[in-house]
1. Classify segment 61-122 from the C-alpha gyration tensor, please: rounded if a/c falls under 1.5, else prolate or oblate depending on whether a/b exceeds b/c.
2. Of Ala98, Ala75, Ala23, which has the largest mean-square fluctuation in a 10 Å C-alpha GNM of the chain?
3. Could you state the accessible area per residue of the chain in Å², with a 1.4 Å probe and every protein chain left in place?
4. Could you tell me the relative contact order of segment 61-122? Use alpha-carbon pairs under 8 Å, at least six residues apart, and round to a whole percent.
5. If you add up the charges near Val120, with Lys and Arg at +1 and Asp and Glu at -1, over every other residue whose beta carbon is less than 12 angstrom from its beta carbon, what do you get?
6. Nothing charged except the Cβ atoms of Lys and Arg (+1) and of Asp and Glu (-1): what's the magnitude of the dipole of segment 57-110 about its Cα centre? Round to the nearest 20 debye.
7. Treating cross-link reach as a plain straight distance, find the aspartates and glutamates whose alpha-carbon is under 17 Å from the alpha-carbon of Lys87, omitting any fewer than eight places away in the same chain.
8. At 25 °C and a viscosity of 0.890 mPa s, what translational diffusion coefficient does Stokes-Einstein give for segment 40-85, taking Rh as the Kirkwood radius over Cα pairs? Give it in µm²/s as a whole number.
Amino acid sequence: QVQLVESGGGLVQAGGSVRLSCAASGSSFSIEAMRWYRQAPGKQRELVAVIGRAGGATYYTDFAKGRFTISREYAKNTVSLQMNSLKPEDTAVYYCNAEVMFSGALRETNYWGQGTQVTVSS
């Protein structure tokens, strides 16, 4: 089993910044891609950003481009999301997601963190 624990959410004013972190713990595993998703009240969960394993290739959903930066520390199995120029519409619960490959497994297993609330006031 792998646990993903997020931290860093909170209340911030519009235009401000927040940095989210997610740490994976467990044994005998490696992590492929890591992602951040978010879910606002009454809306479906949506992808925010992705960072790959090899080379750290990244992908951002349009609303995140230019404002959010995803990064990763491979040795520590952590992923972060730096969010700048926040808007009230960024208010949501942010979830960390990881594609985990266990030793001897044929395919990855998807894991989710518990979520961390980010509230942006106007």
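1. prolate
2. Result for the chain, Cα springs under 10 Å: Ala75 fluctuates most.
3. Numbers: 6510 Å² over 122 residues.
I get 53 Å² per residue for the chain.
4. Values: 77 pairs, mean separation 18.0, N = 62.
For segment 61-122, the relative contact order is 29 percent.
5. Around Val120, the charge tally is +1.
6. 120
7. Straight-line reach from Lys87, under 17 Å: Glu46, Asp62.
8. Answer from the Stokes-Einstein relation: 209 µm²/s.
The values are calculated or read from the model by the stated rules, or taken from the named source; none is laboratory data. Note that the coordinates shown come from a computational prediction; the quantities given were computed from them, not determined experimentally. Cβ atoms come from the backbone with ideal geometry, glycine included; neighbour counts cover every protein chain shown. With ligands, DNA and RNA removed, areas are computed over all heavy atoms of the protein, side chains included. Shrake-Rupley method; radii C 1.70, N 1.55, O 1.52, S 1.80 Å.
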